[in-house]
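Novice: Sharing a structure here in structure tokens format.
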Amino acid sequence: QEMSMGPEPGNLGGTAIKPVGWDRTGLEAFKYFLYNPDTGEVLTRTPLSWVKITVFYSVYYFCLAAFWIGCLQVFFLTLPEIQDGPKWTMYQSIIGTNPGMGVRPGNSDQRIDSQMFVLSQGEREGEEPSNYWGDGDRNIDYAVRTRHFLESYNMEATYPYKNFDISELGPCGEYPYGFVANYGESVAPCIFLKLNKIWGWVPEPLDDYDTDWIPEDLQDHYNYMRDDGNTQNVWMHCEGRNAADKEALGDIEYFPRSRGLPVEFFPFMGASVSGQNYHSPLVAIKIHPGREFLGQLIHVECRAYFRGVVHDTKNKMGLVQFEVLINE
């Protein structure tokens, strides 16, 4: 029996059609990329295509910009006016009502993150600072930075703020503030202590009959000031952090003698941004390490005392720590 045979299979595949200009190379290909006279394309697109894509992206970016501008305006509506201060203050804020402390003068820009005062016992009056701002590591540079810091106290405080009288700081209110040895005296630097500003915060003075928890030295001083009728202060107390530091520090002098920041200087309700001048109250300590302690790094801790204060060494709440090194 004969089997029927189908048609013979044809060729598989197809004929490839090469586009016009596929073999252009070099300068000719570049010229056709810029402008194709056969199709009227400019940079591979026809004029109509360029119009469509330009209109699309113009509308797209316009809507995108309008969206973000609208979000920004909604954000600005939640911000208070400058004169009204921060939106969240006191207990509602992250800072709370337990301020940290600051020391002045600050260090040079190269050591902005350091709290170490490195001084030389041999530097005498007449030395020139590193520059106008005292941005250096010499004794006289510390004095120049202190002078710039205290310049704001030469201007009257704006009502209702009180004026802080620099003369109350005694020798620590006079240049060169103990950083330079004069007339054979030893270097005895003045370190200035202040509370960080908290908008609207007013410290509560210590309870006259609840001072057993404060250091004994400060308690004796507080009892003396209470008899004198001067207890409306935030009190400062400084000492060495370790036994060797306490021995090296010896007796610390405080200026003003009250060792306190008067509560009449609070609250802080804005200053420079609202065109006002505020005087942060200061307490200066004068350090007199003996010659036998030259070259020893002295660790100092100063704490503020008022009702409800919390001292947290880790987060530097209610206190400040720094080091003093006086070399030969």
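The values are calculated or read from the model by the stated rules, or taken from the named source; none is laboratory data. As the structure is a prediction and not an experimental result, all values here were calculated from the model. All Cβ positions, even for glycine, are placed from backbone atoms using ideal geometry, and neighbour counts span all protein chains on display. Remember, those area values only see protein heavy atoms, side chains included, never the ligands or the DNA or RNA. Shrake-Rupley method; radii C 1.70, N 1.55, O 1.52, S 1.80 Å.
Novice: Among the residues of the stretch 263-271, is any farther than 30 Å from GLY85 by Cα and surrounded by 14 or more Cβ atoms within 10 Å (Cβ to Cβ)? Please lay out each step first, then the result.
Specialist: Within the stretch 263-271, the first condition is being farther than 30 Å from GLY85 by Cα, and the residues that meet it are none.
Among the residues of the stretch 263-271, not one is farther than 30 Å from GLY85 by Cα and surrounded by 14 or more Cβ atoms within 10 Å (Cβ to Cβ), which makes the answer no.
Novice: Further, regarding this structure: Kindly provide the set of residues from the stretch 41-92 that are touching a residue at least 60 places away in the same chain (Cβ under 8 Å) and open to solvent by less than 70 Å² (accessible area, probe 1.4 Å), ordered by number.
Specialist: From the stretch 41-92, those touching a residue at least 60 places away in the same chain (Cβ under 8 Å) are 82-83, 85-86, 89-90; that's our starting set.
Residues satisfying the conditions are GLY85, PRO86, THR89, MET90.
Novice: Sticking with this structure for a sec: Test ILE191 against the criterion of being modelled with pLDDT of 90 or more, aliphatic (A, V, I, L, M), under 29 Å from MET116 (Cα atoms) and open to solvent by 10 Å² or more (accessible area, probe 1.4 Å), and give yes or no.
Specialist: On the way: modelled with pLDDT of 90 or more: yes; aliphatic (A, V, I, L, M): yes; under 29 Å from MET116 (Cα atoms): yes; open to solvent by 10 Å² or more (accessible area, probe 1.4 Å): no.
The answer is no for ILE191.
Novice: Would you please list the contacts, defined by Cβ atoms under 8 Å and residues six or more apart or on different chains, that run from a residue in the stretch 121-144 that is touching a residue at least 60 places away in the same chain (Cβ under 8 Å) to a residue that is among the small types (Gly, Ala, Ser) and surrounded by fewer than 16 Cβ atoms within 10 Å (Cβ to Cβ)?
Specialist: Taking only residues 6 or more apart or on different chains, the pairs are GLN121/SER186.
Novice: Follow-up question, since we're still on this one. Restricting attention to the stretch 134-152, report how many residues are open to solvent by 20 Å² or more (accessible area, probe 1.4 Å) and part of a helix (DSSP H, G or I).
Specialist: 6
Novice: Let me ask something else. Quick one: in the stretch 272-300, which of the residues that are of a type in the set (Ser, Thr, Tyr) and touching a residue at least 40 places away in the same chain (Cβ under 8 Å) is least open to solvent (accessible area, probe 1.4 Å)?
Specialist: SER280
Novice: Another one. Output the residues belonging to the stretch 140-165 that are touching a Lys or Arg at 6+ places or on another chain (Cβ under 9 Å) and more than 20 Å from GLY102 (Cα to Cα).
Specialist: The first filter runs over the stretch 140-165 and keeps only residues touching a Lys or Arg at 6+ places or on another chain (Cβ under 9 Å), leaving 145-146, 149-150.
Residues satisfying the conditions do not exist here.
Novice: Out of the residues in the stretch 108-133 meeting the condition of being within 19 Å of LYS194 (Cα to Cα) and open to solvent by 50 Å² or more (accessible area, probe 1.4 Å), tell me which one is modelled with the highest pLDDT.
Specialist: The selected residue is MET116.
To keep it simple, each residue is scored yes or no on (1) more than 23 Å from THR97 (Cβ to Cβ); (2) part of a loop (DSSP other than H, G, I, E, B); (3) touching a strand residue (DSSP E or B) at 6+ places or on another chain (Cβ under 9 Å).
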{"position": "SER167", "(1), (2), (3)": "yes, no, no"}
{"position": "PRO176", "(1), (2), (3)": "yes, yes, no"}
{"position": "PHE179", "(1), (2), (3)": "yes, yes, yes"}
{"position": "LEU193", "(1), (2), (3)": "no, no, yes"}
{"position": "ASP217", "(1), (2), (3)": "yes, no, yes"}
{"position": "HIS221", "(1), (2), (3)": "yes, no, yes"}
{"position": "GLU239", "(1), (2), (3)": "yes, no, yes"}
{"position": "ALA244", "(1), (2), (3)": "yes, no, yes"}
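Novice: So is ARG303 modelled with pLDDT of 95 or more and open to solvent by 40 Å² or more (accessible area, probe 1.4 Å) or not?
Specialist: Values: modelled with pLDDT of 95 or more: yes; open to solvent by 40 Å² or more (accessible area, probe 1.4 Å): yes.
Answer is yes for this residue.
Novice: Got a number for residues in the stretch 25-39 being open to solvent by 90 Å² or more (accessible area, probe 1.4 Å) and more than 17 Å from TRP50 (Cα to Cα)?
Specialist: Summing the residues that are open to solvent by 90 Å² or more (accessible area, probe 1.4 Å) and more than 17 Å from TRP50 (Cα to Cα) in the stretch 25-39 gives 6.
Novice: Mind telling me which of the residues TRP235, TRP201 ends up being in a loop (DSSP other than H, G, I, E, B), of a type in the set (Phe, Trp, Tyr), open to solvent by less than 80 Å² (accessible area, probe 1.4 Å) and touching a residue at least 40 places away in the same chain (Cβ under 8 Å)?
Specialist: Testing whether each residue is in a loop (DSSP other than H, G, I, E, B), of a type in the set (Phe, Trp, Tyr), open to solvent by less than 80 Å² (accessible area, probe 1.4 Å) and touching a residue at least 40 places away in the same chain (Cβ under 8 Å) leaves just TRP201.
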